[in-house]
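What follows is a short report on a single structure.
The values are calculated or read from the model by the stated rules, or taken from the named source; none is laboratory data. Keep in mind the model is a prediction, meaning the values are calculated, not measured. As a convention, Cβ positions derive from the backbone with ideal geometry for all residues, glycine included, and neighbour counts pool all protein chains shown. Ligands, DNA and RNA are stripped out before the accessible areas are found, and what is left, the full protein with its side chains, is counted by its heavy atoms. Shrake-Rupley method; radii C 1.70, N 1.55, O 1.52, S 1.80 Å.
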Amino acid sequence: TLGADDCTLRGALEIANASTGETTNIDFHPDLKTQGQIKLSGGAENSMQSGQIANSSGHVADKIGQGGARYFIHSEGEVIIDFTNLDGIEDVDSKFAGFHVASTHGVELNNLANLRAGEGGIAVSGQYVTLNNVALKDDASNYQEVGVALLDGASTVVMNNVTIQSPHTAGIVVDTAATVSNIAID
């Protein structure tokens, strides 16, 4: 459980990414409720992954995360993040995706009140990814260009009750020349 005095979401994901097969559950302490959205800034030093996400020769890559991703999930075990007690995440810079999920071992992102990223909200190149009750809304600017980006290799991706409001480009995008399979939207 992450609280004000605990490690950061980035730190928890770094621990999860270093695991060798265990399930990592990440949630937020109830004291964080109504404390406002986490505001991310600072360019590459505040990002877990640098370098462009997706097909760099494709015309949609610059809408997904040309600066990298704030949070990168590529663990060897299942990762379950429950955002119930977090008011949301807002990226105040541009050119970064919110999350890039590359794990093939199962990732769930649950109950995220809102994620407003600089480019793509959530980029998926992994397998067995579930988004439950996630909001990707940006109705006040054109920062968030894509809600969910499906990258090459994305497979068995389930989106349940996902609200996408992305005025600049599109809600769901399949990257240029990507092969994706078994995508379910409910």
Problem set entry | Complete set of residues in the stretch 155-169 that are assigned to a loop (DSSP other than H, G, I, E, B) and within 14 Å of the chain's Cα centre (by Cα) | VAL162
Seminar exercise, completed: Sole miss for LYS95 among (1) under 20 Å from VAL174 (Cα atoms); (2) open to solvent by less than 40 Å² (accessible area, probe 1.4 Å) is condition (2)
For this session: Select from the stretch 88-106 the residues that are outside any strand (DSSP E or B) and either within 12 Å of the chain's Cα centre (by Cα) or modelled with pLDDT of 90 or more (or both) and list them in ascending order.
Result: GLY88, PHE96, ALA102, SER103, THR104, HIS105, GLY106
Problem set entry | Among (1) under 26 Å from ALA16 (Cα atoms); (2) free of Cβ contacts under 8 Å to residues at least 40 places away in the same chain - the single one ALA123 does not satisfy | (2)
For this session: Would you tally the residues in the stretch 122-154 being part of a strand (DSSP E or B) and either over 13 Å from ASN182 (Cα atoms) or open to solvent by less than 10 Å² (accessible area, probe 1.4 Å) (or both)?
Result: 16
Seminar exercise, completed: ASN114 passes all but one of the listed conditions (1) buried (at least 24 other Cβ atoms within 10 Å of the Cβ); (2) in contact (Cβ under 8 Å) with a residue 60 or more places away in the chain; (3) not hydrophobic (A, V, I, L, M, F, W, C); the exception is number (1)
Seminar exercise, completed: From the option list ILE172, ILE80, single residue qualifying as over 19 Å from LEU13 (Cβ atoms) and outside any loop (DSSP other than H, G, I, E, B) is ILE172
Problem set entry | Candidate set: the stretch 50-76, residues that are among the β-branched types (Val, Ile, Thr) and at pLDDT below 90; chosen: the one most open to solvent (accessible area, probe 1.4 Å) | VAL60
Problem set entry | Subset of the stretch 155-184 that is more than 19 Å from PHE96 (Cα to Cα) and in contact (Cβ under 8 Å) with a residue 40 or more places away in the chain - its residue that is surrounded by the fewest Cβ atoms within 10 Å (Cβ to Cβ) | ALA177
